[in-house]
Amino acid sequence: FRKCWNRNACNDCLSSIDPTCGWCPFTQTCVPATFTTPLHSYSCPSRSERWEMRTAPFGCRVSMITLGGVLVGAVGALVIVLLVVGAV
């Protein structure tokens, strides 16, 4: 906890020097994250930011909600294209 809790900005928290911390934007806290993906988002202290943790691979602007929306949109578009191609 000590290596993460003393960081008070997202960029400092997600530094490439030590990418084992995650940023919780609502509470403005840097918390330890044993995994470096947003899937490990239950470390944030507030329940309301459960899916809002930012981690090193995606940066300060991408949360689990953003990543999930992009993935669902891409898969949905692919399914629609495949259905149209199959119908033709």
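Read-outs throughout are calculated quantities, based only on the coordinates presented, and are distinct from any laboratory measurement. In this text the structure is predicted, and so the values were computed from the model without any measurement. A quick note on method: Cβ atoms are made from the backbone with ideal geometry, for glycine too, and the neighbour counts reach across all protein chains shown.
What to note about this one:
- For A33, the residues 5 or more places off, or on other chains, whose built amide H falls under 5 Å of its own are C21, G22.
- Applying the Karplus relation 6.51 cos²θ - 1.76 cosθ + 1.60 with θ = phi - 60° to the stretch 74-88 yields 3J(HN,Hα) values of 5, 5, x, 4, 4, 5, 4, 4, 5, 5, 5, 4, x, 6, 6 Hz, where x marks Gly and Pro.
- Note on S48 and L83: with the Förster distance fixed at 41 Å, the Cβ-Cβ geometry gives a FRET efficiency of about 0.65.
- When peptides 21-28, 60-67, 81-88, 43-50 are ranked by their average number of other Cβ atoms within 10 Å per residue, the highest-first order is 21-28, 60-67, 43-50, 81-88.
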